[in-house]
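Peer 1: For reference, the structure I am asking about is given below.
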Amino acid sequence: MTASELIEQIQAQYGGELTEANASSEVEVWVGVPAVDVQKMAQYIVDSWAPVHLSTITGNDRGAHIDIIYHFVADGVSLNLRAAVDKAVDAIDTITPIVPAAIMYEREITDMFGVTISGHPDPRRLVLPEDWPEGDYPLRRDDSGAEEGEEKNG
């Protein structure tokens with residue numbers, strides 16, 4: 001399946017709101033959903049293209065929100081699912097009941113960005129030590145450990 005075919009299929013069959021749907025190459029697709037719909041889209045991906053591989057979950061601090069990006073490989077195409085988490089809300093539902101491989105990646109997102117993963121089966125720290133200061137998140141731009149206008153660690 002090509003990237004454009006995958007997008008066409010998602011647009012025709014996914015029953016929820018899409019905030020974006022585009023192909024950055026013949027083998028890479030970007031799809032966005034509201035953060036409240038991340039479980040619904042993850043279930044759609046698993047149901048439509050099993051077996052699906054979740055290669056990682058990454059985050060990107062965009063100022064007022066943090067993009068949580070789920071990187072799947074589905075039917076030979078890199079399918080990147082993006083959900084923007086508003087910093088005022090600062091939480092997103094876990095996808096581990098649907099994609100068990102997400103368990104460690106979601107813990108890392110919590111440690112590094114401070115996004116709460118609601119319903120996560122094991123919310124312990126993963127990357128940071130247990131005595132790491134609460135509210136200090138290394139990959140957040142608004143991190144309290146950085147001076148105004150200064151980037152954390154550099």
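Peer 1: Do you know which residues across region 76-101 are in contact (Cβ under 8 Å) with a residue 60 or more places away in the chain and within 21 Å of TRP49 (Cβ to Cβ)?
Peer 2: Passing the criteria: GLY76, VAL77, LEU79, ARG82.
Peer 1: Tally time: how many residues in region 19-58 are more than 25 Å from PRO100 (Cβ to Cβ) and either without any contact (Cβ under 8 Å) to a residue 60 or more places away in the chain or touching a His at 6+ places or on another chain (Cβ under 9 Å) (or both)?
Peer 2: 7
Peer 1: Here is a follow-up. Quickly run through region 28-51 and pick out the residues that are hydrophobic (A, V, I, L, M, F, W, C) and either modelled with pLDDT under 95 or farther than 15 Å from GLY76 by Cβ (or both).
Peer 2: Within region 28-51, TRP30, VAL31, VAL33, ALA35, VAL36, VAL38, MET41, ALA42, VAL46, TRP49, ALA50 meet the criteria.
Peer 1: Can you tell which of GLU147, GLU108 is more than 26 Å from GLY15 (Cα to Cα), among the acidic types (Asp, Glu), out of contact with any His (no Cβ under 8 Å at 6 or more places or on another chain) and at pLDDT below 95?
Peer 2: Working: GLU108 fails: at pLDDT below 95.
Answer to the selection: GLU147.
Peer 1: Among the residues of region 18-68, count how many are among the aromatic types (Phe, Trp, Tyr), within 21 Å of ASP93 (Cα to Cα) and more than 15 Å from the chain's Cα centre (by Cα). Lay out the reasoning, then the answer.
Peer 2: Restricting attention to region 18-68, the residues satisfying the condition of being among the aromatic types (Phe, Trp, Tyr) are 30, 44, 49.
Add one more test, that the residue is within 21 Å of ASP93 (Cα to Cα), and what stays is 30, 44.
Add one more test, that the residue is more than 15 Å from the chain's Cα centre (by Cα), and what stays is 44.
Number satisfying all stated conditions: 1.
Peer 1: A follow-up question, please. Take the conditions modelled with pLDDT under 95, surrounded by fewer than 15 Cβ atoms within 10 Å (Cβ to Cβ) and of a type in the set (Asp, Glu) and apply them to ASP90. Does it pass?
Peer 2: Against the criterion (modelled with pLDDT under 95, surrounded by fewer than 15 Cβ atoms within 10 Å (Cβ to Cβ) and of a type in the set (Asp, Glu)), ASP90 qualifies.
Peer 1: Follow-up question, since we're still on this one. Give just the number: which of (1) modelled with pLDDT of 95 or more; (2) touching a Pro at 6+ places or on another chain (Cβ under 8 Å); (3) not charged (D, E, K, R) does ASN153 not satisfy?
Peer 2: With respect to (1) modelled with pLDDT of 95 or more; (2) touching a Pro at 6+ places or on another chain (Cβ under 8 Å); (3) not charged (D, E, K, R), ASN153 is out only on (1).
Peer 1: Would you confirm, using the coordinates I've provided, whether LEU126 is crowded, with 16+ Cβ neighbours inside 10 Å, farther than 30 Å from ASP47 by Cα and of a type in the set (A, V, I, L, M, F, W, C)?
Peer 2: No.
The values are calculated or read from the model by the stated rules, or taken from the named source; none is laboratory data. Only a predicted model underlies this, so the values are computations on that prediction, with no experimental measurement involved. Cβ: placed from backbone, ideal geometry, glycine included. Neighbour counts: every protein chain shown.
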